[in-house]
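Okay, structure first, notes after.
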Amino acid sequence: MNHIISIHDLNRNQIDRLLTRAGAIMAEYAGREPLKGKILGLLFFEPSTRTRMSFESAMLRLGGSCMNLGGVEVSSMAKGETLADTIRVVSGYADAIVLRHPKVGAARLASEFSDIPILNGGDGAGQHPSQTLIDLYTIRHSMPLDHIDVGLLGDLMYGRTTHSLAYALTHYHACIHTISPKGLGLPDSIRDNLCELGAEVIEHDSVEEIIKDLDVLYVTRLQRERFPDPAKFYDVSSSYRITPSLLADAKDHLAVLHPLPRVDEIDPAVDKLPCARYFQQARNGVPVRMAMLTEVMG
Amino acid sequence: MNHIISIHDLNRNQIDRLLTRAGAIMAEYAGREPLKGKILGLLFFEPSTRTRMSFESAMLRLGGSCMNLGGVEVSSMAKGETLADTIRVVSGYADAIVLRHPKVGAARLASEFSDIPILNGGDGAGQHPSQTLIDLYTIRHSMPLDHIDVGLLGDLMYGRTTHSLAYALTHYHACIHTISPKGLGLPDSIRDNLCELGAEVIEHDSVEEIIKDLDVLYVTRLQRERFPDPAKFYDVSSSYRITPSLLADAKDHLAVLHPLPRVDEIDPAVDKLPCARYFQQARNGVPVRMAMLTEVMG
Amino acid sequence: MNHIISIHDLNRNQIDRLLTRAGAIMAEYAGREPLKGKILGLLFFEPSTRTRMSFESAMLRLGGSCMNLGGVEVSSMAKGETLADTIRVVSGYADAIVLRHPKVGAARLASEFSDIPILNGGDGAGQHPSQTLIDLYTIRHSMPLDHIDVGLLGDLMYGRTTHSLAYALTHYHACIHTISPKGLGLPDSIRDNLCELGAEVIEHDSVEEIIKDLDVLYVTRLQRERFPDPAKFYDVSSSYRITPSLLADAKDHLAVLHPLPRVDEIDPAVDKLPCARYFQQARNGVPVRMAMLTEVMG
């Protein structure tokens, strides 16, 4: 494996291998430094805490070093340099690059100009494959991945994490339940695609209606800016808020996930329930990204 | 010792142990890497040069690695995440966290949500315990800490470093001399508190009046924004400026300290006098913070 | 050698020694860590990608660590601290400093207040010695440095890289050909100086006129802000654009260099021609800066 650009590039075997490696990696490399002497270049042209810091942590845990571009505003991109030129130059300084960029397709473009592996850290509304691997890894920790019922909640029109996760789950014959505000539903083209790939996709009007059947509930942030009317946003977001009472009828093994940051989508009272897996999910960023880094540089 | 949040949490024994360890640490760890494989997360939600860089230097000198959050503007805090959530996540990526935050109490709050040690790097007008340890360490290098006369000069109303230092000096039965512009004096509640803890606190109208009795003169920055009238600021700040002539009558072993950055409070002509200890004080940040890091992670 | 502030401080022997060391350094230090335990402080008060990241990469490749100031806006400079004070403090935290600063003479000033080596990473319109060493190193990789014909293209009035390169080439008896828009020609004082130092300097009206005689063509960016009239900028910049057809009559061994970032000065179709050396030039930043770092810290 060279670049990791899209979850679509990975077949089930490759996904399973990465997840298995992630599960063993902390023990496997304890006290060793398999990436000692290697440099990871972090090129983040958009805000990020979790993705950047967990890639950094993963690289450091493997004995390697990191180098940050330092924000577009202090870089030569501000002087009008193309992404292709930046990548060509930085690929002479580092051994792999994690790229986050506001434009869809940026990571693929970057991979065409790079001598070293490119790991897509999110390209606009496009792909974010390491997040999807973390989601799968977190689910697999609680239950086998095959034939599960997964609820996707929130903005399913623009949410890249839910799209990628849904695609990846087709490898495992999942039944996907969508719950989203009017106008923010799963695009028809994606739904059709998922069905062709073997998933079942069922639309619901509310979480209440389906909560007791779910194995996984994947919550995402509703973005205020999608709603022209602030009052409307308030109404909608409160009816998409996850609370302990909503979860009362859920299965015992239900896993509630969220890619974070959360704002009001999940009541903090949920944090202490056994179903709350979103902080563990964030932490799983380290072993999963360690697995990815050793895959491309090891 | 787990977290280091406030100088109030440390008793005299603990302070003395940290200062003694700081004194020996460069020799003790020369060529060794006691924190190899450990990661220090630096979460700075406010400007800092000295605090951040000297914590970084201390961690690197101990063989560890550092990871910066990268400024609130590029982080998920900008998306509305709570400090509690940020801490929960980052504590899965690092082995200790240094937090600087504009709100009083932020570090204490953070410690309640963290699995790993929190070191307070300054919380608004609240605490900044590593600075106080550096101040004590710098004084102790020149004289025994017990029963000294310490002048605190400048804005004593809002200055967190002077408050913390004064509290710490009560363990050593100091006599504290305050010199501050009208309206920026030591708050009564703090003065009463210091007296209850065994310090003597004496107010003065000018440095000239007390300079010859001081063992330590601790100078702080007057902030222009505290003065509604710019002309007033100019008048006041010039009469609080430390010059060689002012220091002519001082004791031979007087130590002039300043937490830096300075603007006009100390005439650059003072820099070459033997009493000028503020650059050494800044450099002492490294051994003192090395001692703190090994205390919580070693 | 202690500080590296200006290319003028280096004689031909010192330059040759650094270039020779750079050529051998990757092999010489493979698997070794000659700067293990050392810290490089990166103080960049101006935007930079290439200079900062290649210094970081060089330091990491030598087994050392790096520490970034983090931008003037988040530092104590914003509180009014002088550069002298910042340098005095940071020189207590690191083992060498790379400084980039908008003011001419900043690096020289810094060296007067620093206990540790200062490497000038560019001071305004002043010096940028590591760039010049990289330029020479890149040329030397293709041809002997003595008695070559070098074309300097673009804004030669303000371009610090072309000035420094021209001065360095006087050691090698180069013939320097200048091609620049009206009003942006080489300052007379610099031309006279170069001639006194033994260079030949010839002015040309267009690249076409001289291209077939050149061994090296050094292209620089025209800055829009130098032209009061945008239409004028467009006219001029298009007649200074390097294209494959312009290069058709060039010598086989012609090397086209550019300090990057480029915007429109070089047609991307040139990138694949054998004369295009600008990406290799950028990558040469790592070995050349490794040589500089071992020179001052090794």
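Computed values, structure above
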item: Selection within segment A:166-175 - in contact with a helix residue (DSSP H, G or I) (Cβ under 7 Å, 6 or more places away or on another chain) and within 13 Å of A:VAL201 (Cα to Cα); result: A:ALA166, A:TYR167, A:THR170
item: Enumerated strands (runs of 3 or more DSSP E) restricted to segment C:198-258, each holding at least 3 residues that are of a type in the set (A, V, I, L, M, F, W, C) and on the phi < 0 side of the Ramachandran plot; result: C:216-219, C:255-257
item: Where C:VAL288 falls short, out of the listed (1) among the β-branched types (Val, Ile, Thr); (2) within 14 Å of chain A (Cβ to nearest Cβ); (3) open to solvent by 10 Å² or more (accessible area, probe 1.4 Å); result: (3)
item: Qualifying residues in segment C:190-245 (those that are farther than 15 Å from C:ILE176 by Cβ and among the hydroxyl-bearing types (Ser, Thr, Tyr)) - the one farthest from the other protein chains (Cβ to nearest Cβ); result: C:SER206
item: The lone exception for A:LEU260 - which of (1) within 14 Å of chain B (Cβ to nearest Cβ); (2) open to solvent by 10 Å² or more (accessible area, probe 1.4 Å); (3) among the hydrophobic types (A, V, I, L, M, F, W, C); (4) touching a strand residue (DSSP E or B) at 6+ places or on another chain (Cβ under 6 Å) it fails; result: (4)
item: Residue, farthest from the other protein chains (Cβ to nearest Cβ), within segment B:86-137, restricted to residues that are of a type in the set (S, T, N, Q) and open to solvent by 10 Å² or more (accessible area, probe 1.4 Å); result: B:GLN127
item: Failed criterion for C:ASN193 (all others in (1) modelled with pLDDT of 95 or more; (2) buried (at least 18 other Cβ atoms within 10 Å of the Cβ); (3) part of a helix (DSSP H, G or I) hold); result: (2)
item: Test: residue in segment C:107-117 that is polar (S, T, N, Q) and modelled with pLDDT under 95; result: no
item: Residue check, A:LYS79 in contact with a strand residue (DSSP E or B) (Cβ under 8 Å, 6 or more places away or on another chain) and either open to solvent by 50 Å² or more (accessible area, probe 1.4 Å) or modelled with pLDDT under 95 (or both); result: no
item: Residues (open to solvent by 20 Å² or more (accessible area, probe 1.4 Å) and under 18 Å from B:LEU60 (Cα atoms)) located in segment A:33-62; result: A:GLU33, A:LYS36, A:GLY37, A:LYS38, A:LEU60, A:ARG61
item: Filtered residues of segment A:139-190 (kept if assigned to a helix (DSSP H, G or I), surrounded by fewer than 22 Cβ atoms within 10 Å (Cβ to Cβ) and β-branched (Val, Ile, Thr)); result: A:THR170, A:ILE190
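The values are calculated or read from the model by the stated rules, or taken from the named source; none is laboratory data. Everything numeric here is computed off the predicted structure, so don't read it as measured data. All Cβ positions, even for glycine, are placed from backbone atoms using ideal geometry, and neighbour counts span all protein chains on display. For the accessible areas, the whole protein counts, side chains as well, though only heavy atoms, and no ligand, DNA or RNA atoms are used. Shrake-Rupley method; radii C 1.70, N 1.55, O 1.52, S 1.80 Å.
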